[in-house]
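J.: The structure is given below, and queries will be raised subsequently.
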Amino acid sequence: MASDRIWGDSKTQVVLLDTSAIMMMFEFHINIDDELTRLLGSYQLFVPQRVLKELEVLCLKGRGKQKRLAKASLQLVKIYEIYPGFSELDGDDAVIAAAQECSGIVVTNDKELRKRLREKSLRSIFLRGKDHLMLD
């Protein structure tokens, strides 16, 4: 891939999507693939199994805009690989555990989750200016 030559690193980064990141793609019209390529070059994208379950619950119990975003997000995640395991943990704990296991970078808009990731020396990517992603 040409981006590997630009960054000088052919190592593929593991990237995990949080629920807020998936819904952000629809809410702010962010092209996650373009933004991740810009930030990381080569990457492999996963959706933790627990995040998939959260989206399913939001589809059933959510209201209004949240429910619409969750339905669209649930359709989108079908194109991404599911990161198995940690489904017994709550959403944020499952995402953190998966990131620790695979040394992954988490895409999230959740400030509390970003703080917890920083405390565990894990990297995150977040929305900046409602139009691009930024690596933390």
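J.: Which residue, GLY62, GLY91, GLY104, tops the fluctuation ranking in a GNM of the chain built on C-alpha contacts under 10 Å?
T.: Checking each option, the largest mean-square fluctuation is seen for GLY62.
J.: Right, another one. Which percent, nearest 5, of DSSP beta bridges in the stretch 2-135 are antiparallel?
T.: Of the beta bridges lying entirely in the stretch 2-135, close to 25 percent run antiparallel.
J.: Taking neighbour counts of Cβ atoms within 10 Å as a proxy for exposure, in what order, fewest first, do THR108, THR19, THR12 appear? Walk me through the numbers before you get to the answer.
T.: Values: THR108 24, THR19 28, THR12 13.
By the 10 Å Cβ count, ascending: THR12, THR108, THR19.
J.: Amide H of LEU133: which non-local residues (sequence gap of 5 or more, or other chain) have their own amide H closer than 5 Å, using H built in the peptide plane?
T.: HN-HN under 5 Å from LEU133: ARG128.
J.: List the residues whose amide H sits under 5 Å from the amide H of ILE105, counting only those 5 or more places along or on another chain, with H placed 1.01 Å from N in the peptide plane.
T.: VAL14, VAL15, LEU16
J.: Quick check: pseudo-label points 7 Å beyond the Cα along Cα→Cβ at LYS61 and LEU135, how many nm apart are they?
T.: In this crude label model, LYS61 to LEU135 measures out at 3.7 nm.
J.: Build a GNM of the chain with springs between Cα atoms under 10 Å: which of LEU40, LEU52, LEU17 gets the top mean-square fluctuation?
T.: Evaluated over the chain, the most mobile residue of the options is LEU40.
FYI, it's all coordinate maths here, none of it is from the lab. Please read these numbers as outputs of a predicted model, since none were measured by experiment. Ideal geometry is used to build each Cβ from the backbone, glycine not excepted, and the neighbour counts take in all protein chains shown.
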